[in-house]
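Asks: Please see the structure below; I have some questions.
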Amino acid sequence: MINLLVDEAYAFDYLSILEIKKNISLANDRSWSICYSYLQSQFDTEKWQSMINSDEYKKMIEANTLTFEAVDKAKKNQVTARDVDFCNYKRYVAKQKFQIKFFKVDVSEIKIGYGEYSK
């Protein structure tokens, strides 16, 4: 494994994806557990609990769940590419809100082409 410097919200977004996968199949439990422990070790207990139990983290799980569902529907042509893209935008917004609330800075990733969604 390698270490990669990413925004905190990016790391928690990844954890939320692993959590969804773990809930779908226990085969993903180990990956989630390793990531959870690694992230948890970087925060004191109070800060960790406030983040992992926050509405902002729950919103990331919800946005990622919607994205997973949309991708599955897209495989059967049941949704448009725009629908999937909008789910991805909601995911980005959830990451931004988590980052701002807990780390007081915006995410470094700059999304392009989403002006129509923010109107």
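Asks: Just the residues that are small (Gly, Ala, Ser) and over 17 Å from LEU5 (Cα atoms), please, taken from the range 93-119.
Replies: Matches in the range 93-119: ALA94, GLY113, GLY115, SER118.
Asks: In the range 49-76, how many are basic (Lys, Arg) and under 24 Å from GLN99 (Cα atoms)? Outline the logic, then answer.
Replies: Going residue by residue through the range 49-76, those that are basic (Lys, Arg) are 58-59, 73, 75-76.
Now drop any that are not under 24 Å from GLN99 (Cα atoms), which leaves 58-59.
Matching residues across the range 49-76 total 2.
Asks: Scanning the range 57-95 for residues that are touching a residue at least 40 places away in the same chain (Cβ under 8 Å) and within 10 Å of the chain's Cα centre (by Cα), which turns out surrounded by the most Cβ atoms within 10 Å (Cβ to Cβ)?
Replies: By that ranking, first place goes to MET60.
Asks: Sticking with this one: Report yes if some residue within the range 42-55 is aromatic (Phe, Trp, Tyr), surrounded by fewer than 18 Cβ atoms within 10 Å (Cβ to Cβ) and not in a helix (DSSP H, G or I); otherwise report no.
Replies: Yes - at least one qualifying residue is present in the range 42-55.
Asks: Among residues belonging to the range 4-41 that are in a loop (DSSP other than H, G, I, E, B) and among the small types (Gly, Ala, Ser), point out the one that is modelled with the lowest pLDDT.
Replies: My answer is SER25.
Asks: For SER54, state whether it is touching a residue at least 40 places away in the same chain (Cβ under 8 Å) and either charged (D, E, K, R) or under 15 Å from GLU8 (Cα atoms) (or both).
Replies: Answer is yes for this residue.
Asks: Looking at (1) farther than 16 Å from ILE61 by Cβ; (2) within 13 Å of the chain's Cα centre (by Cα), which is the only condition TYR10 fails?
Replies: Result: TYR10 fails condition (1) only.
Asks: Could you list, in sequence order, all residues of the range 41-56 that are under 15 Å from GLU19 (Cβ atoms) and among the hydroxyl-bearing types (Ser, Thr, Tyr)?
Replies: The answer is SER54, and nothing else.
The values are calculated or read from the model by the stated rules, or taken from the named source; none is laboratory data. Keep in mind that this is a model prediction, so the values were computed, not measured. Using ideal geometry, Cβ is built from the backbone for each residue, glycine included, and neighbour counts are taken over all protein chains shown.
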